[in-house]
1. Taking the Cα atoms of segment B:61-115, what is the range of coordinates along each of the three principal axes, in descending order and whole Å?
2. Could you give the size of the charge dipole of the protein assembly as shown about its Cα centre, using +1 on the Cβ of each K and R and -1 on the Cβ of each D and E, expressed in debye and rounded to the nearest 20?
3. Using C-alpha positions alone, give me the convex hull volume of the protein assembly as shown per residue in cubic angstrom.
4. Could you calculate, for chain A, the ratio of the Cα radius of gyration to the Kirkwood radius, expressed as Rg to Rh?
5. Checking the table B:K52/B:K83; A:K46/B:K129; A:K83/B:K132; B:K46/B:K103; A:K33/B:K95 against a 23 Å threshold on Cα-Cα, which pairs fail?
6. Given label points at 7 Å from Cα along Cα→Cβ, what nm distances, shortest first, separate A:T35 from the same residue in every other copy?
7. Tell me, what is the percent relative contact order of chain B, built from C-alpha pairs under 8 Å that lie six or more residues apart?
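Please treat every number below as a calculation from the coordinates, not as lab data. Here the structure is a predicted model, which means the values were calculated and not measured. We place every Cβ from the backbone using ideal geometry, glycine too, and count neighbours over all the protein chains shown.
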2 protein chains.
Amino acid sequence: MVKKETYSISELAKEFDVTTRSIRFYEDQELLKPTRRGQTRIFSSKDRVRLKLILRGKRMGFSLSETKELFDLWDETLSGNEKQLLLMLDTLSRKRAQLEQQKNDIAMAEMEMDTAEARCREALADLEKRKKEQKMPANEEESTAAEQR
Amino acid sequence: MVKKETYSISELAKEFDVTTRSIRFYEDQELLKPTRRGQTRIFSSKDRVRLKLILRGKRMGFSLSETKELFDLWDETLSGNEKQLLLMLDTLSRKRAQLEQQKNDIAMAEMEMDTAEARCREALADLEKRKKEQKMPANEEESTAAEQR
DNA sequence: GATAAAGTTTACGTAAACGTAAAGTATTTG
DNA sequence: CAAATACTTTACGTTTACGTAAACTTTATC
């Protein structure tokens, strides 16, 4: 028994936690091309893969038309036309540059989140210290210091 | 002379390659809070930093309201309220998880682009070989092999 | 054989993030 | 001082990516 060949719309919806509306919309935009049994959609494992790619693309900030463009380009490379192959290579290298930019952005964001977190923890530690001073005041003078800030 | 304190809307627009419309929209959504000289906006270097963060957020797939939420949270931590500090820390850790997901997504995408590129290059190499065989056919038999695929 | 469950089409609605005039004010420059 | 330049507000338009409801058909279940 192989991996399973076909899927219903609700199976895919459940597996990837999207609405059937979204899946139908992706078909409408020609990102998915299910066959039909009667009027019911039947999704292939290729469709399943593409749905996964669509959702990953979204998480990376790609629009549906960007993703569709990649799908179409890839399909055309399978026809083995030289021009298409070169176009695909060019597109790939542009996408790579985009991913590099994103990796930079993420790295910067992580650094800034590090310093932000550190400051938060410092501020919290300060608050704890004040609490203790409140509970066990060694010196009576300036017990209202916190309010003076 | 320090870094420069204030900026006009068009200065920022030019520097970050966005329209003035976008900048005004960000102010409308309360992500930027320029002061005014008369009715003209005057942006501080803090605004400049925030604009940079907004744009980076966009490249990372963040919505404006997500970014605004972070700005607001950060501002509130400066008031030193314990509850706000804890909320900020929690939010930061959720964002970190999100960035981890994105890094995974990017890594997967890069791998797939690697194999896609390899296949393209193979296909191109094949085409080159056929061209040479066409030009200098060592054996006459089966010269129409390419057409038979 | 009724009814629920899962599927369908059609179509209007909506939030986000601006684009694009239109019409006016303020400032700079020849 | 006239014309160009930069800025403003108001407001309707547009694209993307679906949400939501209505009305209907097909298949499974009791």
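1. Here the spans come out as 51, 20, 11 Å, largest first.
2. Taking the Cα centre of the protein assembly as shown as origin, the dipole is about 560 debye.
3. 272 Å³
4. 1.34
5. Pairs exceeding 23 Å: B:K52/B:K83; A:K46/B:K129; B:K46/B:K103; A:K33/B:K95.
6. Nearest first, the other copies' label points are 7.0 nm away.
7. About 14 percent, as a whole number.
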